[in-house]
1. Among the candidates L97, L86, L127, L105, single out the residue that is farther than 30 Å from G276 by Cβ and at pLDDT 95 or above.
2. Within the group A445, A418, A414, which residue is closer than 17 Å to E360 by Cα and among the small types (G, A, S)?
3. Quick check on the stretch 246-267: of everything there that is outside any strand (DSSP E or B) and hydrophobic (A, V, I, L, M, F, W, C), which residue is surrounded by the fewest Cβ atoms within 10 Å (Cβ to Cβ)?
4. Quick one: what pairs do we get from the stretch 294-319, first residue assigned to a helix (DSSP H, G or I), second away from the ligand (no atom under 11 Å from the Cβ) and of a type in the set (S, T, N, Q), C-beta under 8 Å, 6+ apart or different chains?
5. Are there any pairs with C-beta distances below 8 angstrom linking a residue in the stretch 200-216 that is closer than 17 Å to L395 by Cα and of a type outside the set (A, V, I, L, M) to a residue that is assigned to a loop (DSSP other than H, G, I, E, B) and more than 8 Å from the ligand (Cβ to nearest atom), with the two at least 6 apart or on different chains, and if so which?
6. Select, from I183, I190, I207, I177, the only residue that is within 25 Å of G145 (Cβ to Cβ), within 15 Å of the ligand (Cβ to nearest atom) and in a loop (DSSP other than H, G, I, E, B).
7. Quick one: what pairs do we get from the stretch 372-393, first residue on the phi > 0 side of the Ramachandran plot, second in a strand (DSSP E or B), C-beta under 6 Å, 6+ apart or different chains?
8. Within the stretch 305-329, how many residues turn out to be hydrophobic (A, V, I, L, M, F, W, C) and under 14 Å from the mean Cα position of the chain (by Cα)?
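The values are calculated or read from the model by the stated rules, or taken from the named source; none is laboratory data. What you see is a predicted model, and the numbers here were worked out from it, not measured in a lab. Please note: Cβ atoms are built from the backbone with ideal geometry, for glycine as well, and neighbour counts cover all protein chains shown.
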Amino acid sequence: MATRAFDYDLFVIGGGSGGVRAARRTAALGRRVGIAEEYRYGGTCVIRGCVPKKLLVYASQFSETFEDAAGYGWTVGERSFDWAKLIAAKDREIDRLEGVYRRNLDRSGAEIFESRAVIEGPHAVRLLKTDTVVTAERILIAAGGRANPFADLPGAELCITSNEAFHLEQLPGEIVILGGGYIAVEFANIFAGLGSRVTLVYRGTEILGGFDDDLRQTLHTSMEKRGIRILCNDTLTGVERTPDGRLTAKLKSGGSLDADQVMLAVGRLPNTLNLGCEAAGVELDEKGAVRIDDHSKTTADGIWAIGDITNRLQLTPVAIHEAMCFVDTVFLDRPTKPDIETVPTAVFSHPEIGTVGLTETEAAKRFEELEVYRTSFKPMRHTLTGRDETMLMKLVVDAATRVVVGAHVLGPDAGELAQVLGICVKARLTKDDFDRTMAVHPTAAEELVTMYEPTYRVRGGKTIDD
Ligand code: NDP
């Protein structure tokens, strides 16, 4: 046990997914744990990220479900959508989840503070609400990140970020979204599904940089078919209020877009501002993120950092995994490096993306020869609806070892598939293992085990048709 020279064995700054997991697990070991959160327990994921986002995604999909029902013989009566009702229902669920987070923390024995906490020294944290200082043998920084406000953009103060998108008083009739990453793409689909006219403006050549090109292009086409306007190779140079109270967003290419809301989704910044890192010798990197070693230890003795405040992968399960590794390393004497190789991920666009491992482009740089198995088809559900929808599946295989190094899916439930494909790719299963596996019929996923011949090969970076 730690020396009683300190108030706590561990003090955690930040009550999000990573911080709460570390606090609960350490307290369960019988250690004295304090945790401070300045806003709401649950953090970005629960309060203003993954969870409310997914609820809005579900809401946005009903419009097509009602339309598609006709193909199956249903007559759906008059439909209307009430944004305020959705937001209130979503808020009730978030309140419930916040309660669950707090109760779990409480049961674990951790002491909960509702206060902003700043580091005062290697073992000292000041709680601003009560202006008191507590001491801890170890400090864990898990204060997360925040939406980049893009302050350099003239008129940025007129715009919203994902934070405000969850609390708008009304559904915007017309919205412009800047960015081409997860958040921009997910919200473009949410707003379009709920009935807004959406324009997505992205500075690069294709949305979702870093994902497999096939997924990016097919999703782009699919979003356009749903009426979302996508302007690539362009950006906003300013936003102004018009006399009628709406907004006009100026495009770099010339021209402008009128909208009720302009949403900025240009990445997230680590929450290190005024956190007192410098006081304790915690170095930051060039992006302002806490610099850590392979075991999440900062440059200051006794201080660790996990989650979005570090410059690793900004994903909830990654923060939770880092928390588990932190407790193993520090309190269980089992040094464990977080393993953030081959992380499956999903984009809750419409259709969804589920992906794990290397893109074809990355794999082509790493391996001399690839076999690429690719199929695209109309999902069975849409044979009767008549909807022009494409599902895409792609396996990228290292030809020399037959190991499946990347698996990419666009289509219904792709996120669910990514979880299972994640196990396969992480386990370094070969294409022969996939081939040996019996198909589940009739499903879309059976295509993953019935693509017997490569669609094409990539040798020395060049595509060769079989
Ligand atoms: P991303 O990093 O995914 O995307 C940021 C986007 O903003 C990129 O398209 C980037 O363009 C663009 N951008 C950055 N700076 C500027 C600028 N100055 N002007 C114009 N465009 C700019 O960030 P998000 O905000 O979408 O999401 C943050 C993180 O949250 C994600 O990385 C992800 O890890 C996580 N997240 C995960 C989700 C999930 O798991 N489903 C859902 C939502 C978020 P460029 O590509 O050219 O750099």
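1. None of the others qualify; the one that does is L86.
2. When all the criteria are applied, what remains is A418.
3. V266
4. G307/S17; D308/N271; I309/N271; I309/T272; T316/S17; A319/S17
5. Partner pairs satisfying both residue conditions: G210/T359; F211/T359; D212/T359; D213/E206; D213/T359; R216/E206.
6. Values: I183 fails: in a loop (DSSP other than H, G, I, E, B); I190 fails: in a loop (DSSP other than H, G, I, E, B); I177 fails: in a loop (DSSP other than H, G, I, E, B).
None of the other options fit; the residue is I207.
7. Pairs that qualify, where the first residue is on the phi > 0 side of the Ramachandran plot and the partner is in a strand (DSSP E or B): there are none.
8. Our first condition is that a residue be hydrophobic (A, V, I, L, M, F, W, C); within the stretch 305-329, this holds for 305-306, 309, 313, 315, 318-320, 323-327.
Cutting the leftovers down to under 14 Å from the mean Cα position of the chain (by Cα) gives us 313, 315, 318-320.
Qualifying residue count, the stretch 305-329: 5.
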